[in-house]
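Quick note: the coordinates plus some simple rules give every number you see, no bench work behind them. Predicted model, so just to flag it, every value in this text is computed and none were measured. Cβ placement follows ideal geometry from the backbone for every residue including glycine, while neighbour counts extend to all protein chains displayed.
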Amino acid sequence: MQSRVLEWPRWAKRLVVVAVDIFLALFATWVSYALRIDQYGWATGAQWWVYFLAPVLSIPIFIRFGLYRAIFRYTGQAALLATGLAVLLYACILFALLLWMQWPGVPRSLGILQPLVFLFLVGGSRAVARFWLADLGRSRVKLEGRLLIYGAGTAGVQTASALRLSQQYALLGFVDDDPTKAGRSINGVPVYSPLEVTQVIARQGVTDILLALPSVSRDRRNAILESLGHLPVHVRTLPGLSDLASGRVTVQDFHELDVEDLLGRDPVPPDASLMAKDLATQVVLVTGAGGSIGAELTRQIVMQRPRQLLLLDHNEFGLYSIHQELQSVCSAKELSVDLVPLLGSVTNPNRLAAICQQYRPSTIYHAAAYKHVPMVQDNPGEGILNNVFGTLNMAHAALGCGARRFVLVSTDKAVRPTNIMGASKRMAELVLQAQAANAVQTCFCMVRFGNVLGSSGSVVPLFRHQLASGGPLTVTHAEVTRYFMTIPEAAQLVLQAGAMANGGDVFVLDMGEPVKIIDLAQRMVQLSGLSVRSASHPQGDIEIAITGLRPGEKLYEELLIGDNPKPTSHPRIMKAHEDYLRWTRLEGQLVSLREAAETGDVVAIKSVLKACVQGYVSQPDA
């Protein structure tokens, strides 16, 4: 019988609740007479009017306040407040009627006493129903894990409420750094200090830890993750404060630790004036808008309210996806931005010229590029045509329409490159530097940075896929290191750096400390609740395999060709001093490079790259 209650139709459940409330109204009236005038038997005379009025008044009021639309096992403070207000209104009407009618044998104080008893009974019935139905539902759900919540603040308490409603996890306790909370309890759940975590996990069989620390600093979060890394638990996290602004937390908000949680830094707040410069009320073009960097640039740009935002990409699905996303953002935030999706390739100069002549963008962010090192190494001609001549085509189109600013998104792999992808990006920089020396109206600049977390070319998605498949995680060399930055931070810095340019500038971003890829792999395994399998630990879950450096891959990346970069007004943006080739010299090399790329002459391609790109050392292909 009990197991079928949750399967009843909604109308049947509501009918039962109405019937219960009618009984409680009558019972509260009997209790009130008993308390007020010691009457325990049947009512007499006019006393029956109160028995009649109690359900007749209360039920319509309860319906009006929506008390029968609530799902009892999910009711909370809002439902209790609504119940209190409904009973208060009911009490006012009942008391007014008793004062007006002055029935014999009916004390006027009954208009206060009966609603108080009624409120106690209704509230109690809701509480009993909530806990009974919650226990009933819990008995039908298989728990997914035994959980500790790290953080006993507002987010942690909201999370505990969500867990109680979802019935997916057994909440065993909170962990909090505040020594005044340790040893106490919150809603019956104990609070432990960080020093007790290891013992609690071993004693109670904890399988998961959830970080409910949306406002904690990045350094503090990293320290907490470091302390949990050796424990046999699965660590997940809640979203940031902006995502919790609604005050609602659900189990669906729990997500796997992003690499931002492992490597990221506390972002520097963007300079609003730099962000808006060249964007607000302007026509802005982003090439490669469907890619990871290009898409994030468009997300940041649309918030600055350009008059028109042109989205150019040759990937139809990527372009469709970002266009749909931005349309939703504009609708939700009431942004009057004209979004124009444009299919086309930067290798088609006629298409670029037509777009620029039709829409006449004032600011162009050129993010379109082939960036996968092994892929470009295996397809050098296409890499050169897209990365070098796509940039040249876009630069000519910008000059032709009188664009005021052109920003190239570049890479640290352009510095003393050992692969064709990096050399092609340095050639693209050289193209813009040469154009900048002769340009009058268009300000050309480039922004160079390292790996961005979660981009299509990043190692992070690969590691996640390999983890989901049971391993192994593949690392090319035990000593390989890379710089990392989050995509939103990189996009913000690109926009701000571009706004600082005077022409021909090469900006480099402060990427923080380089990270060993093998350390990153180990932390991702550990924070997934698994262990690394090695010679010293053969019973581990996931192996990390060293596969050897790929053709053109470097152990270490650099951001500068020269030395002593100049600081700028932004603490994470620097300006490099780097030599370049004048257009009169570069033009002839580009003719040779284009011919080699179109004919697939790899030897000739590398010959031109060696002649133009400082520090380029060609490695033999596999």
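Packing, taken as the mean count of other beta carbons within 10 Å per residue, orders the peptides 305-316, 184-195 from highest to lowest as 305-316, 184-195. Computed from point charges on the beta carbon alone (+1 for Lys and Arg, -1 for Asp and Glu), the dipole magnitude for the stretch 298-451 about its Cα centre is near 460 Debye. Peptide packing: for 202-208, 385-391, the average count of neighbouring Cβ atoms within 10 Å per residue gives the ranking 385-391, 202-208, highest mean first. Relative contact order of the stretch 385-446, taken over Cα pairs closer than 8 Å and 6 or more residues apart, is 42 percent.
Residues 296, 334, 543, ranked from the fewest to the most other C-beta atoms within 10 Å, line up as 334, 543, 296. Each peptide in 94-102, 107-115, 368-376, 423-431 receives the mean, over its residues, of other Cβ atoms within 10 Å, and ordering these scores from highest gives 423-431, 368-376, 107-115, 94-102. Between amide H atoms placed 1.01 Å from N, distances below 5 Å from residue 546 occur with 475, all of them 5 or more places distant or on a separate chain. Structure note, pairs 333/575; 371/575; 277/333; 516/606: Cα-Cα distances above 27 angstrom occur for 333/575; 516/606. Shown for 509, 35: other C-beta atoms within 10 Å of each C-beta, ranked fewest to most, produce the order 35, 509. Given a Förster distance of 35 Å, report the FRET efficiency between residue 204 and residue 80 from their Cβ-Cβ distance, rounded to the nearest 0.05. Computed FRET efficiency for residue 204 and residue 80: 0.65. 3J(HN,Hα) along the stretch 533-548: 8, 8, 4, 7, 9, x, 8, x, 8, 10, 8, 10, 9, 8, 9, x Hz, from the Karplus curve 6.51 cos²θ - 1.76 cosθ + 1.60 with θ = phi - 60°, whole Hz, x for Gly and Pro.
Quick one: 610, 333, 181, fewest Cβ neighbours within 10 Å first, how do they rank? Intermediate values should be presented prior to the final figure.
Values: 610 14, 333 11, 181 17.
Going from least to most buried by this count: 333, 610, 181.
Amide H contacts of residue 368 (H built 1.01 Å from N, in plane; Pro and chain starts excluded): 287, 288 sit under 5 Å, all sequence-distant by 5 or more or on other chains.
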